[in-house]
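Participant: Pasting a structure here, questions to come.
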Amino acid sequence: MDHFEYRDRTLFCEDVPVPELAEKYGTPLYVYSQATLLHHLKEVQTAFAEAKPVICYSVKANGNLSLCRLMGQHGSGFDVTSQGEFQRALKAGPAGAKIVFAGVGKTDAEIEFALKNGVFLFDVESEQELLAIGAVAQKLGVKANVALRVNPDLPPKTHVKTDTSVKGVKFGLDIETIIDVAKSVVGHPGLAVVGLHMHLGSPILKAEPYRQGCEKGVALIRAFRAQGHNIQYLNMGGGFGINYRKDEAKPASAFAEVILPAVRETGCQLILEPGRFIVGNAAILLSRVVFTKSTGGKHYVIQDAAMNDLIRPTLYGSLHRIWPVHPAAGVPVRPDVNGDPDDPNPFRAMPNCFNQDVVGPVCESGDYLAKDRPLPALTRGDLLAVFSAGAYGMTMASNYNSRVRAAEVLVTGRTHRLIRRRETFADLVACEEDCLT
Ligand SMILES: *Cc1c(COP(=O)(O)O)cnc(C)c1O
């Protein structure tokens, strides 16, 4: 579900014609729909309502301050993976918003910052980290709340680069040794082991891995309690998949169905860290065709968004639907896509379309947003919408090729406003200029 739809062969975001945004703000441009974002937050809140969950929006999916503020205003806390994300949550969130801190490489300085700034709990990923948190907490004369992150050792469930719960990845404590680690810190003066954490990976399109994870989690919580730890929180992380193709994703209720029994059984307070599920379908990346070109039997659409704006296709081979903002007469108003995630070529032959590569101006053969994609003939100046670009789009953007990062716009109803201005050359060189001799 999203609020990007075609009306009379023009793409709208909520009630705003998308060309109006290109005109006003330029391209490439991230365009967010507030109603879509809040719909997905509400969907999670509703599906898990029975457990009164602490929802901690995962800032790394999209850390824009205005979007984080919106999340906070609608009852969300934050999941952060660095001091920078922690500071974003503090700046954008309401006072007292709950912030959980994950990540395998927290430095002492980051740990101290988190403790001084009211971290709700640390998701702890190694034995050394656990002891470091204990030491910093003791130095500050406080007790740190920690949830031990387990790697539950489940079968592969998503892209190898984003699967965080198979044996041997860098995340979490081994399920074979986590009980010994917990035992070693019983009574530690700087540590309160109050929770169990797992984040299985992302995106996950089935509920079954969460069921398997919960089963292992319930047994661990029992073991920790038997050791004397006062376990109050079960943190099941994020990872819920979204519709990149058609309708392959599960509703939040499907995940609730397998997670809620573990909450009932343990009596724990549930924490969730959704990122992609909230913001992924809430944005398009809007671009403009610069040139078209045919060579070696291939057809290229060269447009002004590139791998530095959206790296998911290059990095993970991810699929984003791409379609003209104004489909010409005789062209379908939206791409005809099969939603089977296992189908390597989900696009069917479409009238008046032919296969094209959608590429950007960056000097890399890996700079593409789509390959061999059925698209209608395009001409210079045409606008393209790259769908489902809200998560891990702008947060992974870079300045490669000295390209300024895109602007971001938030639409609500008939109104729109800039939530990040387009960078300038001055921004690009700001950190170097004073060093110039
Ligand atoms: C990335 C991450 C998330 C969010 O994952 P999504 O797929 O965006 O929901 C949640 N928790 C942790 C620990 C993460 O690293």
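Participant: Assuming residue 212 fulfils every condition listed in (1) more than 16 Å from the ligand (Cβ to nearest atom); (2) touching a helix residue (DSSP H, G or I) at 6+ places or on another chain (Cβ under 7 Å); (3) assigned to a helix (DSSP H, G or I) apart from one, which condition is it?
Facilitator: Going through the list (1) more than 16 Å from the ligand (Cβ to nearest atom); (2) touching a helix residue (DSSP H, G or I) at 6+ places or on another chain (Cβ under 7 Å); (3) assigned to a helix (DSSP H, G or I), residue 212 breaks only (2).
Participant: State whether the residues of the stretch 129-143 include one that is within 15 Å of the ligand (Cβ to nearest atom), modelled with pLDDT of 95 or more and not in a loop (DSSP other than H, G, I, E, B).
Facilitator: yes
Participant: Another one. Can you spot a residue in the stretch 262-269 that is more than 16 Å from the ligand (Cβ to nearest atom) and part of a strand (DSSP E or B)?
Facilitator: Yes, that holds for at least one residue.
Participant: Which of the residues belonging to the stretch 192-212 are aliphatic (A, V, I, L, M) and under 15 Å from residue 270 (Cα atoms)?
Facilitator: 194, 196, 198 - these are the residues of the stretch 192-212 that are aliphatic (A, V, I, L, M) and under 15 Å from residue 270 (Cα atoms).
Every residue, every condition in (1) in the same structural domain as residue 251 (by TED's automatic domain parsing); (2) modelled with pLDDT of 95 or more; (3) of a type outside the set (S, T, N, Q); (4) on the phi < 0 side of the Ramachandran plot, yes or no:
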position	(1), (2), (3), (4)
164	yes, no, no, yes
172	yes, no, yes, no
178	yes, yes, yes, yes
183	yes, yes, yes, yes
186	yes, yes, yes, yes
209	yes, yes, yes, yes
212	yes, yes, no, yes
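Participant: Can you name the residue in the stretch 226-253 that is in contact with a Pro (Cβ under 7 Å, 6 or more places away or on another chain) and farther than 24 Å from residue 151 by Cα and is also surrounded by the fewest Cβ atoms within 10 Å (Cβ to Cβ) among such residues?
Facilitator: Only one residue tops the list, namely 248.
Participant: Might you let me know whether the stretch 72-89 holds any residue that is within 15 Å of the ligand (Cβ to nearest atom), under 19 Å from residue 388 (Cα atoms) and either assigned by TED's automatic domain parsing to the domain that holds residue 308 or buried (at least 20 other Cβ atoms within 10 Å of the Cβ) (or both)?
Facilitator: No, there is no match, as no residue in the stretch 72-89 is within 15 Å of the ligand (Cβ to nearest atom), under 19 Å from residue 388 (Cα atoms) and either assigned by TED's automatic domain parsing to the domain that holds residue 308 or buried (at least 20 other Cβ atoms within 10 Å of the Cβ) (or both).
Participant: Scanning for something within 16 Å of the ligand (Cβ to nearest atom), within 30 Å of residue 143 (Cβ to Cβ) and among the aliphatic types (A, V, I, L, M), does the stretch 217-230 turn up at least one residue?
Facilitator: no
Participant: Report, by residue number, each residue of the stretch 386-437 that is among the hydroxyl-bearing types (Ser, Thr, Tyr) and either in the same structural domain as residue 289 (by TED's automatic domain parsing) or outside any loop (DSSP other than H, G, I, E, B) (or both).
Facilitator: The answer is 388, 392, 395, 398, 400, 402, 412, 415, 424.
Participant: Hey, another quick one. Could you go through the stretch 110-121 and let me know if any residue there is free of Cβ contacts under 8 Å to residues at least 12 places away in the same chain and either within 27 Å of residue 250 (Cα to Cα) or in a loop (DSSP other than H, G, I, E, B) (or both).
Facilitator: For the stretch 110-121, residues free of Cβ contacts under 8 Å to residues at least 12 places away in the same chain and either within 27 Å of residue 250 (Cα to Cα) or in a loop (DSSP other than H, G, I, E, B) (or both): absent.
Participant: Of the residues in the stretch 327-359, how many are in a loop (DSSP other than H, G, I, E, B) and out of contact with any Leu (no Cβ under 7 Å at 6 or more places or on another chain)?
Facilitator: The number of residues fulfilling the criteria is 23.
Participant: When residue 253 is evaluated against the numbered criteria (1) hydroxyl-bearing (Ser, Thr, Tyr); (2) away from the ligand (no atom under 16 Å from the Cβ); (3) assigned to a loop (DSSP other than H, G, I, E, B), which criterion, by number, is the only one it fails?
Facilitator: It fails just one condition, (3).
Participant: Residue check, residue 78 against (1) more than 25 Å from residue 408 (Cβ to Cβ); (2) in contact with a Phe, Trp or Tyr (Cβ under 9 Å, 6 or more places away or on another chain), all met but one. Which one?
Facilitator: Only one criterion is unmet by residue 78, namely (1).
Participant: So which of 97, 51 is more than 24 Å from residue 421 (Cβ to Cβ) and touching a Phe, Trp or Tyr at 6+ places or on another chain (Cβ under 7 Å)?
Facilitator: 97
Participant: Ok, one more. For the stretch 144-153, give me the residue count where each residue is away from the ligand (no atom under 15 Å from the Cβ) and assigned to a loop (DSSP other than H, G, I, E, B).
Facilitator: Residues flagged as away from the ligand (no atom under 15 Å from the Cβ) and assigned to a loop (DSSP other than H, G, I, E, B) within the stretch 144-153 amount to 1.
Participant: If a residue has to be charged (D, E, K, R) and surrounded by fewer than 17 Cβ atoms within 10 Å (Cβ to Cβ) to count, how many in the stretch 374-407 make the cut?
Facilitator: 1
Participant: Being farther than 21 Å from residue 225 by Cβ and surrounded by fewer than 21 Cβ atoms within 10 Å (Cβ to Cβ) is the filter here; which residues of the stretch 137-148 pass it?
Facilitator: Correct list: 138, 139, 140, 141, 142.
Participant: With 58, 66 as the choices, which residue is of a type in the set (S, T, N, Q), assigned by TED's automatic domain parsing to the domain that holds residue 267 and within 15 Å of the chain's Cα centre (by Cα)?
Facilitator: Result: 58 is the single residue among 58, 66 that is of a type in the set (S, T, N, Q), assigned by TED's automatic domain parsing to the domain that holds residue 267 and within 15 Å of the chain's Cα centre (by Cα).
The values are calculated or read from the model by the stated rules, or taken from the named source; none is laboratory data. Quick caveat, the model's predicted, so the values are computed rather than measured. Glycine gets a Cβ as well: all are built from the backbone with ideal geometry, and neighbour counts include every protein chain shown.
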